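Trainee: Got a structure for you, written out below as structure tokens; questions coming shortly.
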Amino acid sequence: MQFRVLGVPEVHDDVADRWVPLTSPKQRQLLGALLVRPGVPVPAARLIDELWRGCAPGKAVNALQAHASRLRQLLIEAEPSRANMPRLVARDTGYVLEARPEELDSARFRLGVAKAGTLLAGDPLGACALLEEALGLWRGPAMAGSTSGPLCAGAAAELEEERLAALELLYETRARAAAAPGDPCPPDLPRRPLPVRGGGGAGRPEEGGELGRLRARVDELVDEQRLLRFQVEQLSLLVGSAAGRAPQPVKAGATSWANSSMARAARP
């Protein structure tokens with residue numbers, strides 16, 4: 001079983017090689033909220049606020065229970081061996097979803113970036129490969145379509161910050177790999193331009209407070225990544241020349257999403 005939040009929240013059944021059919025936006029949002037901290041119970045009140053943002057139905061607890069029950073059943077159908085030990089259970093007046101680090105794409109991404117950091121000084125090409133693999137886990141903006149509540153929005157902002165840092169590290173690593181021995185960086189290599197950060201932003205017109213700030217920050221980070229990705233791709237030409245191999249593109253999720261979005265972000 002693979003749980004994915006580096007894009008639209010979804011679940012992949014590795015045994016049957018199929019996607020678990022999450023047809024309801026609320027199911028995806030609930031999945032994302034529970035995967036912010038796998039194995040840690042999330043109070044029902046927080047989940048209700050996450051799913052309905054002050055507009056909860058009259059019997060919100062029952063509505064949450066229905067969504068959780070349906071999600072639990074879908075997971076059991078995909079993993080019958082855990083029918084007596086379901087991943088999603090009610091606990092401590094809330095719900096908890098069990099997932100091992102190797103089953104969660106965000107955890108695998110973080111591990112890959114950490115490993116790349118240990119290789120940076122002695123093996124920049126190896127570090128590049130690890131960073132490309134980690135960035136390849138991304139399929140779009142973190143928690144895409146599920147950031148209307150504070151849990152998912154906060155997690156998305158944190159993940160997008162880490163994604164930007166990984167892209168910056170890949171930029172520096174490719175520069176180091178392209179440099180001649182003894183040179184810290186090619187002297188004519190331009191630094192990539194980044195938009196000026198808004199210092200938290202005011203949020204979208206219809207939103208305010210912390211949630212609006214978080215969602216605005218996610219948008220801001222995605223724009224920064226679009227521009228940085230272009231510079232990283234240009235570095236692949238230098239790395240390929242220096243290493244005597246064909247240039248390798250950045251394996252950073254859906255490139256069509258990145259490239260079309262970058263063009264839009266670059267418009268005046």
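Taken together, the values in this text are just the output of simple stated rules run on the coordinates, not laboratory data. Small disclaimer: the values here were computed from a predicted structure and weren't measured. Positions of Cβ are backbone-derived with ideal geometry, glycine not excepted, and every protein chain shown enters the neighbour counts.
Trainee: Could you order peptides 44-55, 25-36 by the average number of other Cβ atoms within 10 Å of their residues, highest first?
Mentor: 25-36, 44-55
Trainee: A further question on this structure: For the range 120-136, just list the computed ³J(HN,Hα) in residue order, Karplus coefficients 6.51, -1.76 and 1.60, θ = phi - 60°, integers in Hz, with x standing in for Gly and Pro.
Mentor: 3, 6, x, 9, x, 5, x, 5, 4, 4, 5, 5, 5, 5, 5, 5, x
Trainee: Turning to a different aspect of this structure: How would the range 2-101 be classified by its alpha-carbon gyration tensor: rounded, prolate or oblate, with rounded meaning a/c under 1.5 and the a/b versus b/c comparison settling the rest? Walk me through the numbers before you get to the answer.
Mentor: Working: a/c = 1.71, a/b = 1.53, b/c = 1.12.
The shape class here is prolate.
Trainee: Now for a separate question. How fast does the range 29-80 diffuse by Stokes-Einstein, in µm²/s, taking the Kirkwood radius from C-alpha pairs at 37 °C and 0.692 mPa s?
Mentor: In µm²/s, the coefficient rounds to 280.
Trainee: To continue, here is another question. From the phi of every residue in the range 95-100, what ³J(HN,Hα) in whole Hz does the Karplus formula 6.51 cos²θ - 1.76 cosθ + 1.60 yield, where θ is phi - 60° and glycine or proline is x?
Mentor: Working through the residues one at a time gives 9, 9, 10, 8, 8, 6 Hz.
Trainee: Local charge sum around Leu22 (other residues, Cβ-Cβ under 13 Å, Lys/Arg +1, Asp/Glu -1)? Don't skip to the end; give the middle numbers.
Mentor: Values: positive: Arg4, Arg18, Lys26, Arg28, Arg70, Arg72; negative: Glu10, Asp13, Glu77.
With Lys, Arg at +1 and Asp, Glu at -1, the neighbours total +3.
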